[in-house]
Amino acid sequence: MLAAGLPMPPVPRELSDQLLCPKDTEYFTTRSNTPNPWNLIWFIEEIEQKTPEHYLIFGVDGHGVESAAAHYYLVEQDIAVFHQSNLPTPSRPRLEADLTDQYELMATMAVAASDAKEKGKLPEGSRIILVRPVNMPSSWGIQPAPGQPVKWQKTSDALLDVSDWLQASLT
């Protein structure tokens, strides 16, 4: 990540020892036998239909220079984040200026989601799902239980909406 000029995303300590880099890829994962992270829809469908163990996927994936993105997928008990960020390309020569801030916000939100659950603001058994893709609308929602459908709320910025919701829930 750093060699590619990208900031390092947050890596939960309990998942760090499980990271591996699949052959011929530029991303890290704690899972095997999944599609590459560019297949975001597969991961969203999985979270709504199954109950995957906690996992982390981060790094670069895509289909050529113009369609590569930095990916950060974190699934934990209280929050699941599916975040993509466009990489610099000849037609888009600048990296998102606030990517480091976005990663820091996601780490803070993971802690805040656990706090919200402890305080009864996030129902027991539920979790926040946040989706911020590069080629689709951003959305978020609260999953009532693992493997259950999410009532999605479309938004221009799921990171800010979830952050605002958590802040309002904890104050």
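Points worth noting:
- Within the chain: Cβ-based charge dipole about Cα centre, in debye rounded to nearest 20 (Lys, Arg +1; Asp, Glu -1): 220
- When each full DSSP H helix of the chain is screened for a Cα extent of at least 27 Å along its own axis and an average Kyte-Doolittle hydropathy of at least -1.0, the helices passing are 99-118.
- Ranking Arg132, Arg127 by solvent-accessible area of protein heavy atoms (1.4 Å probe, all protein chains present), from largest to smallest, gives Arg132, Arg127.
- Among the protein heavy atoms of the chain, carbon and sulfur supply 51% of the accessible surface, probe 1.4 Å, non-protein parts ignored.
- Electrostatic tally near Met136: other residues with Cβ closer than 14 Å to its Cβ, Lys and Arg +1, Asp and Glu -1, net 0.
- Radius 14 Å from Cβ of Val75, net charge of other residues (Lys, Arg +1; Asp, Glu -1): -4
- Largest to smallest accessible area among His54, His83 [probe 1.4 Å]: His54, His83
- 17 Å reach of a label modelled at Gln77, 7 Å along Cα-to-Cβ, counting backbone N of segment 36-52: 51-52
- Aspartates and glutamates whose Cα lies under 14 Å from that of Lys117, excluding same-chain neighbours fewer than 8 positions away: Glu76, Asp78
- Both numbers refer to the Cα atoms of the chain; Rg and Dmax are 15.5, 48 Å.
- Distance in nm between pseudo-label sites at Leu20 and Lys119 (7 Å out along the Cβ direction from Cα): 4.0
- Accessible area (Å², per residue) of the chain, counting only protein heavy atoms and a probe of 1.4 Å: 52
- Only protein heavy atoms count here; under a 1.4 Å probe, Thr51 has an accessible surface of about 90 Å².
- P(r) histogram, all alpha-carbon pairs of segment 92-171 included - 5 Å bins from 0, percent: 3, 14, 23, 25, 19, 8, 5, 2, 1
The values are calculated or read from the model by the stated rules, or taken from the named source; none is laboratory data. Please read these numbers as outputs of a predicted model, since none were measured by experiment. Positions of Cβ are backbone-derived with ideal geometry, glycine not excepted, and every protein chain shown enters the neighbour counts. Heads up: the accessible areas ignore ligands, DNA and RNA and are worked out on the full protein's heavy atoms, side chains in. Shrake-Rupley method; radii C 1.70, N 1.55, O 1.52, S 1.80 Å.
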